[in-house]
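Read-outs: derived from the displayed coordinates by stated rules, not from any lab. This one's a predicted model, so the numbers in the text were calculated from it and none came from an experiment. We place every Cβ from the backbone using ideal geometry, glycine too, and count neighbours over all the protein chains shown.
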Amino acid sequence: GAGVSQTPSNKVTEKGKYVELRCDPISGHTALYWYRQSLGQGPEFLIYFQGTGAADDSGLPNDRFFAVRPEGSVSTLKIQRTERGDSAVYLCASSSAGVNNEQFFGPGTRLTVL
Amino acid sequence: AQSVAQPEDQVNVAEGNPLTVKCTYSVSGNPYLFWYVQYPNRGLQFLLKYITGDNLVKGSYGFEAEFNKSQTSFHLKKPSALVSDSALYFCAVRDMWGNTPLVFGKGTRLSVIA
């Protein structure tokens, strides 16, 4: 079956611009996660959705970052007034409900802020 | 706060030899532990997990890991390495109550030499 998909695969933007990154989870997965991965580091948690609501947004670095999942399926990560330090690979993962379930990751969106 | 340490940035092993990728963790209470693999230009793939039960966990592609509570370790092992095992490996932990996000180590690059 189809895995987690993310679009775009690459995004280049200028400092100060607004960007949206999209994630399509595996059908039926109620849990959705966003991570950020910088070069040489492991994925860093940003936000977790259970259904439509953000169950844990403690990883969002500041109020320029926001994410939505209005219908409990597709999610969009939104970054306002981008900064060069936001450059990273943004990963999305989904899983079935239950904290012991493994997460399935998408290929990521590589964001470059010039 | 929970954390994961992967003390080796790089592990080199000859094809056919056994391999070990080390991981130690810190978490309040009992842990849920995961190993993921990341191939170039691809998303993270789940390898195996420890939730409860037998300390030796078997996963995909012939990999296994041993949970050692006294040493707070979850080392990844394979009896006979393949060149195709060359990739980036990540250990991750969360507490069993699900109150905290999945925390990843910084990764270990495995290079299997023919």
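The figures follow:
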| quantity | calculated |
| --- | --- |
| Simple label model, 7 Å out from Cα along Cβ direction - residue A:10 to residue B:61, nm | 2.5 |
| Anchor residue B:22: lysines whose Cα lies under 24 Å away (excluding residues fewer than 8 positions away in-chain) | B:49, B:58, B:69, B:77, B:78, B:106 |
| Length gained when the stretch residue B:52-residue B:30 is fully extended (0.36 nm per residue, less Cα-Cα span) | 7.0 nm |
| Contour minus Cα-Cα distance for residue A:18 and residue A:64 (0.36 nm per residue) | 15.6 nm |
| Anchor residue A:15: lysines whose Cα lies under 23 Å away (excluding residues fewer than 8 positions away in-chain) | A:78 |
| Residue A:52-residue B:15 FRET efficiency (beta carbon distance; Förster radius 35 Å; 0.05 resolution) | 0.10 |
| 16 Å reach of a label modelled at residue B:82, 7 Å along Cα-to-Cβ, counting backbone N of segment B:26-40 | B:37-40 |
| Rounded, prolate or oblate (a/c below 1.5 giving rounded, otherwise prolate when a/b exceeds b/c) for the protein assembly as shown by Cα gyration tensor | prolate |
| Convex hull per residue volume in Å³, alpha carbons only, for chain B | 97 |
| Using θ = phi - 60° and Karplus 6.51 cos²θ - 1.76 cosθ + 1.60, couplings along segment A:35-52 (whole Hz; Gly, Pro as x) | 10, 10, 10, 8, 4, x, 10, x, x, 10, 4, 10, 7, 10, 10, 10, x, 8 |
| q = 0.19 Å⁻¹: log10 I(q)/I(0) that the Debye formula gives for chain A, counting C-alpha atoms only | -0.94 |
